[in-house]
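Notes follow the structure.
The values are calculated or read from the model by the stated rules, or taken from the named source; none is laboratory data. All values derive from a computational prediction rather than experimental measurement. Every residue, glycine as well, gets a Cβ built from its backbone with ideal geometry; the counts of neighbours run over all protein chains shown. Side chains included, ligands, DNA and RNA excluded: accessible areas come from the protein's heavy atoms. Shrake-Rupley method; radii C 1.70, N 1.55, O 1.52, S 1.80 Å.
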Amino acid sequence: MYTKWLNKLKNVKLFENIELDELNRMLICLKPKIVSYKKKEYITIVENKFTGIGIVIQGEVVVTKENTAGDRVIMTKLKENSIFGEVIAFSNDDKWPVTVIASTDCIVWFFTPNKILANCPKMCIGHKLLIQNMLKIVSQKALELNRKIEYLSMKSIRSKISAYLLEQYSIAGRNKFMVPLKRHELAEFLNVSRPSLSREIIKMKEEGIINFYKSSFEIIDVDSLKSNV
């Protein structure tokens with residue numbers, strides 16, 4: 001039942017460098033739970049019992065959390081082959097600390113953490129790689145959470161926008177790029193109101209710092225952006 005998914009799964013970081021034949025054998029052992037969701041359907045809600053590490057096999061999801069004022073904050077938006085729940089999986093908590101929502105129709109595979117970390121009687125190379133990959137993923141997630149804290153700690157809307165655009169500029173490697181978040185999603189990610197975000201972006205365009213159209217941005221004055229961070 002897993003064979004048709006193997007070529008897609010090889011792009012998931014959890015299975016990096018694992019041969020397809022070996023991966024197929026491992027999936028039979030890991031027995032992931034496969035669930036389909038409709039757009040805007042809740043995959044899990046904060047404080048729900050933890051159900052396992054999720055891998056987005058098809059579609060997109062958003063990971064959200066409410067702040068102290070009760071407003072929803074987007075922590076991240078995940079596309080195909082992305083993982084969520086890996087940090088909580090190896091903690092002492094058994095409840096989801098975030099809410100995960102399907103932003104499109106999607107398919108998610110859930111893996112039980114103890115099966116990933118369980119001792120393999122054969123100590124096969126595939127299982128060793130699986131554990132190594134998981135450690136890398138958890139470390140990377142810790143870095144991403146630190147980055148999120150930096151955004152939330154910034155005082156001005158302009159500094160948040162500038163930091164975000166500079167990060168996307170670094171990822172794209174060019175001054176013109178598409179951002180992965182829609183305008184309302186970006187407002188939630190930066191923890192600002194959508195009208196305030198739009199006003200500030202328009203001001204930055206009028207000042208000749210950036211240009212934009214919907215989700216497409218062009219950085220005109222990199223130094224000005226850097227000075228705002």
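Given the criteria under 17 Å from M134 (Cβ atoms) and not assigned by the TED database to the domain that holds A187, does I43 qualify? Full working, then the answer.
Details: under 17 Å from M134 (Cβ atoms): no; not assigned by the TED database to the domain that holds A187: yes.
Considered against the rule, which asks whether it is under 17 Å from M134 (Cβ atoms) and not assigned by the TED database to the domain that holds A187, I43 comes out as no.
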Do any residues in the stretch 11-27 that are within 20 Å of S82 (Cβ to Cβ) have Cβ atoms under 8 Å from those of residues that are open to solvent by 100 Å² or more (accessible area, probe 1.4 Å) and at pLDDT below 85, where the two are at least six apart or on different chains, and which pairs are they?
I18/K10; L23/K10
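Can you name every residue in the stretch 70-79 that is out of contact with any Ser or Thr (no Cβ under 8 Å at 6 or more places or on another chain) and open to solvent by 80 Å² or more (accessible area, probe 1.4 Å)? Give the steps one after another, and end with the answer.
At the first step, the residues of the stretch 70-79 found to be out of contact with any Ser or Thr (no Cβ under 8 Å at 6 or more places or on another chain) are 70-71, 76, 78-79.
D71, K79 - these are the residues of the stretch 70-79 that are out of contact with any Ser or Thr (no Cβ under 8 Å at 6 or more places or on another chain) and open to solvent by 80 Å² or more (accessible area, probe 1.4 Å).
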Of (1) within 17 Å of T76 (Cβ to Cβ); (2) β-branched (V, I, T); (3) without any contact (Cβ under 8 Å) to a residue 24 or more places away in the chain, I131 satisfies every one except (1)
On the basis of being surrounded by 12 or more Cβ atoms within 10 Å (Cβ to Cβ), touching a strand residue (DSSP E or B) at 6+ places or on another chain (Cβ under 8 Å), small (G, A, S) and under 21 Å from K128 (Cα atoms), does G52 make the cut?
yes
Going through the stretch 30-48 in order, the residues found to be open to solvent by 100 Å² or more (accessible area, probe 1.4 Å) and either under 20 Å from F15 (Cα atoms) or of a type in the set (K, R) (or both) are K31, K33, K38, K39, K40
Please work out which residue is modelled with the lowest pLDDT, limiting yourself to the stretch 86-98 and to residues that are open to solvent by less than 30 Å² (accessible area, probe 1.4 Å) and touching a Pro at 6+ places or on another chain (Cβ under 8 Å).
A89
Within the stretch 99-142, take every residue that is aliphatic (A, V, I, L, M) and modelled with pLDDT under 80 and give me the one that is surrounded by the most Cβ atoms within 10 Å (Cβ to Cβ).
I116
Please verify whether S170 is of a type in the set (S, T, N, Q) and either within 20 Å of the chain's Cα centre (by Cα) or within 30 Å of E19 (Cβ to Cβ) (or both), treating the condition exactly as stated.
yes
